[in-house]
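Q: Shown below is the structure under consideration.
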Amino acid sequence: MRTSELWVPTLRETPAEAEVVSHKLLLRAGFIRKTVAGIYTYLPLGRRVLAKLEQIIREEMDRAGGQELVLPIVQPAEIWQESGRWEVYGEEMFRLQDRHGRHFCLGPTHEEIITFIVRNEVNSYKQLPLLLYQIQNKYRDERRPRFGLLRAREFIMKDLYSFDRDQKGLKESYQKMYQAYSRIFGRCGLKFRAVQADSGAIGGDYSHEFMALAAVGEAVIVYCRQCDYAANIEIAAANTVEHDFVAETMLPIKEVSTPEQKTVAEVCAFLGVRPDKLIKTMLYEADGQLIAALIRGDRELNEFKLQKQLGCRELYLADQDKVKMITGAPAGYIGPVGLKGIPLYADLEVPYLVNAIAGANREGYHLQNVNPGRDFIPDAVFDLRQVEAGEPCPHCGSPLEKAEGIEVGQIFQLGTKYSEPLGATYTDEQGQERPIVMGCYDIGVSRTMAAAVEQCHDERGIIWPLSIAPYQVVINPSSIREHEQYRTAETLYHELLNLGVEVVFDDRDERAGMKFVEADLIGYPLRLTVGKRTLVQGTVDVKWRHEQQETTLPREGLAERIKEMLTMEMEKYR
RNA sequence: CGGGGCGUAGCUCAGUUUGGCUAGAGCGCUACCUUGGGGUGGUAGAGGCCGCUGGUUCAAGUCCAGUCGCUCCGACCA
C-alpha cells in the first residue's frame, strides 16, 4: 500500500475526550474515531489490526475443535424471558420494537440465542460435544462508557459456547479453551495472567479471567511468583489469619475523648496506637437494609466479598443522615459496642483483637479496651477484607504480588444454568433425557486491541507487536524528489510485496522528519529508510520500532533478508 | 444513578467574570516560495447555526430558564 492512497488521518494534538493512552494513541494515529459515546468507527488501520486479532483467534478456536457460526445481533425478547434475563439485565440492554410492536434487544451476550438454536437441533449424545463460536458485535448500554475501546457500548467479542453431555465433558472443553486462550494472548504479544474470577451475572461455578497487565487496568489481581496461584482481588481469599496479636489481659472498657479525630490515621496518631489495634466500623445499605461491617483498622474492606456474603444486589455506604440516625454519631465515631438493631458482620481478624479501639457512637469519643465476644458479639464472621501485596500466597505461602489488569477474556463453566430453563436437552445412551452441560468463553476483541496499545507504546506512539500490526514494514524514502531514492524505495517495495510482506510505501512528498514522526506514531514494527547517504553506499537503514538502534544493511538481497528478519521476529509470537 | 467540569473553526483552546463595532490564536487544510534524516521557514487564502430551544435587553458567544451532548470522580459492570 502506498501512503498517498492509504487513509490514515493522524492528529498532531490529542482530542480532549481521550484520557487513557490507548484511546489517545488510537485516535491520534488514525485507527479509530468516535461516533457517539462508547461507539467507534474503525478506520482502515484499526480494521486491519482487528482482522489480525480475529485471525489468530479463529486459528486457535479451530485448532481446539471450535466451529464458527454467526448469530443474530437482533434477538427476540421471548428467549430472554424464558431464561429470566429480560428483567435481570435492566437498563444495560439496548431494547427496540419492530413495526408490529414486538420486543427485541441488541445482543449483549449470546447464551440465550445459541441455546435456542442448539435445543432445536441437538437431540442425541451422538451430536455432543459441540464447540460453537462467533466473532460479533455486542451491545451493552453501559452507564458510563469510558477509556475509549476499553469500555464501549458497541464492541467486538468472540464468544464460544461448549455443549457437553456431562460435567466431565465440560471440564475437558474448559481445559481446551484455557489452553487456547493462553496461546491466543501469547500470539498477540500480550503480557497476561489467567486469574481465578467470580462468574458474575453470567452464572456458573468456576471461572477464569485473562488479564492483560497494564497500568490503567480496571481490575486488580494478586498473583504468586512461586506457584501458579492468581486471582482477581475481588475474590482473592484472605484465609491466612495472622496470630501476631500479643496475648494481653482484657482490660475494662473505657471511653476516651477524641475530638475531631475521625479517620483511622487521626485516631492512631492521637492515641498513640497502631492501626491494627482499631476496629473500623462501616455502615452499609444492602438492598435498603442497614448493616454494619467490622474490619481491622489497617485493612481495606472488600465490598465485593461483603455483597456476595449478604447475597444482595445493591450495596453502598450509608449516607450521613442514616449513620447519625442509627448510631447517634457521625461517621468516624461509629463502633460495634451498643450498636443495636442492625446486624454486625465482622472480618475473620476482628475476633482476634484484644483491648481494641472503636468508635463510641458518640461524637468526639472512642472506646478503649474493646473486646469482641465480651463487649459485642458479631452476628457473623467471614472473610471481608481486601488482600494486600506481600501477604502469603494461600497455596504456597510466598508473598503475593499485586497488579492491575485489563480483562481481555473470561471463561465460565455454566453447567445447566441456561440449558435447563431453555429446555436444551439430549437423550443419552440409556434413552434418558438430560440437560446439556454448557460452558462459555469470551474474548473482547476490540478491547484486546486497546490493551495491546496500553502495553506496547512509548512517548512517540504505538509499538505494535508484529503479529497484530496493521502492516509489518514501512519504507521511507527520505525525499521522493530525489529520483534515485524514490526508484530504489519503490523497487524494494515491489520486492517485498512479491515476498508476501505486508508493506507500506511512504511515497508522499513530505519531509523525512514528518514521515518518521508519523511512522513512530502509527507503530509499524519495521522501518526501512532510503536516504541520500545510504544510497551511494548501496545500503538501506533498517530499524525496529521496539529497538533504539538503527542498523545499515546492504541493498543487495535486502528483501529476502527482511523477510527472514520478520520470520524470526514472528517466532516470538508462537 | 449521585457529584463535578465542559460545549466557540477539522484539532487544542482564548474571549463569557463586568452584554456593545465585522468573534480570535496556534496547529491542521489550500496555493506558491523555501527546506529536505525527526511534525522546516515564509507569504497569501478558505474555513464559524459561539450545542439546541425559549426568555431578558436597544443590543446576547457573554445574563436567565430549559434541553441535548461530551467528559471526570463515585456507584455499577458478561
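Q: Distance between the C-alpha centers of the stretch A:266-321 and the stretch A:435-458? Whole Å please.
A: 34 Å
Q: Next up: Could you give the alpha-carbon Rg of the stretch A:254-382 over 2.2 N^0.38 Å, rounded to two decimals? Could the numbers behind the result be given before it?
A: On the way: Rg = 13.5 Å, N = 129, 2.2 N^0.38 = 13.9 Å.
Against the compact-globule rule of thumb, the ratio is 0.97.
Q: Whole-Hz ³J(HN,Hα) for each residue in the stretch A:215-228, computed from phi via Karplus 6.51 cos²θ - 1.76 cosθ + 1.60 with θ = phi - 60°, x for glycine and proline: what do you get?
A: Along the stretch A:215-228, the couplings run 5, 9, x, 7, 10, 10, 10, 10, 8, 9, 7, 8, 10, 8 Hz.
Q: Quick check on chain A: of the DSSP beta bridges with both residues there, what percent are antiparallel, nearest 5%?
A: So the antiparallel bridges in chain A amount to around 80 percent.
Q: Quick one: 3J(HN,Hα) in Hz for the stretch A:354-367, Karplus 6.51/-1.76/1.60 with θ = phi - 60°, rounded, Gly and Pro as x.
A: Coupling constants for the stretch A:354-367: 10, 6, 8, 9, 8, x, 9, 6, 8, 4, x, 9, 10, 10 Hz.
Q: If you don't mind, there's one more thing I want to ask. Take each of the peptides A:439-445, A:258-264, average the number of other beta-carbon atoms within 10 Å over its residues, and list them starting from the highest. Kindly include the intermediate steps, with their values, before the conclusion.
A: Numbers: A:439-445: 25.9, A:258-264: 15.6.
The peptides rank, most packed first, as A:439-445, A:258-264.
Q: Could you give log10 I(q)/I(0) at q = 0.07, 0.08, 0.10 Å⁻¹ for chain A, computed by the Debye formula over C-alpha point scatterers of equal weight, without solvent?
A: Cα-only, vacuum Debye calculation for chain A: -0.57, -0.72, -0.98.
Q: Sticking with this structure for a sec: Calculate the tail of P(r) for the stretch A:336-472: the fraction of all Cα-Cα distances greater than 18 Å, expressed in %. List each step's numbers first, then the result.
A: Values: 7247 of 9316 pairs.
Across the stretch A:336-472, Cα pairs with separations above 18 Å total 78 percent.
Q: Compute the accessible area per residue over chain A, keeping the other protein chains in place, probe 1.4 Å, unit Å². Present the calculation step by step, with values, prior to reporting the outcome.
A: Working: 26240 Å² over 574 residues.
I get 46 Å² per residue for chain A.
Q: Calculate one ³J(HN,Hα) per residue across the stretch A:153-167 by plugging θ = phi - 60° into the Karplus curve 6.51 cos²θ - 1.76 cosθ + 1.60, and present them in order as whole Hz with x for glycine and proline.
A: The phi angles translate into 9, 10, 8, 9, 9, 9, 10, 10, 10, 9, 10, 10, 6, 8, 4 Hz.
Q: In addition: What translational diffusion coefficient, in µm²/s and rounded to a whole number, does the Stokes-Einstein relation yield for the stretch A:459-564 at 25 °C and a viscosity of 0.890 mPa s, taking the hydrodynamic radius as the Kirkwood radius over Cα pairs?
A: It comes out at roughly 180 µm²/s.
Q: Compute and list, largest first, the equivalent-ellipsoid semi-axes of the stretch A:1-99 from the alpha carbon gyration tensor, each √(5λ) rounded to a whole angstrom.
A: 33, 23, 13
Q: May I ask you to list the chymotrypsin sites (Phe, Trp or Tyr not before Pro) in the stretch A:1-81 that are in a DSSP loop and have at most 16 other Cβ atoms within 10 Å of their Cβ?
A: A:TRP7
Q: Starting with the highest mean, order A:428-438, A:515-525 by the number of other Cβ atoms within 10 Å, averaged over the residues of each peptide.
A: Final packing ranking: A:515-525, A:428-438.
Q: Right, something else. Carbon and sulfur together cover what percent of the accessible area of chain A at a 1.4 Å probe radius?
A: 48 percent
Q: How many angstrom lie between the Cα centre of the stretch A:16-51 and the Cα centre of the stretch A:97-144?
A: 28 Å
Q: Report, in degrees rounded to the nearest 10, the 0 to 90 angle that the Cα long axis of helix A:44-63 makes with the longest principal axis of chain A.
A: So the inclination is approximately 70 degrees.
The values are calculated or read from the model by the stated rules, or taken from the named source; none is laboratory data. These figures come from a predicted structure and were not determined experimentally. All Cβ positions, even for glycine, are placed from backbone atoms using ideal geometry, and neighbour counts span all protein chains on display. What goes into the accessible areas is simple: the full protein's heavy atoms, side chains included, and nothing from ligands, DNA or RNA. Shrake-Rupley method; radii C 1.70, N 1.55, O 1.52, S 1.80 Å.
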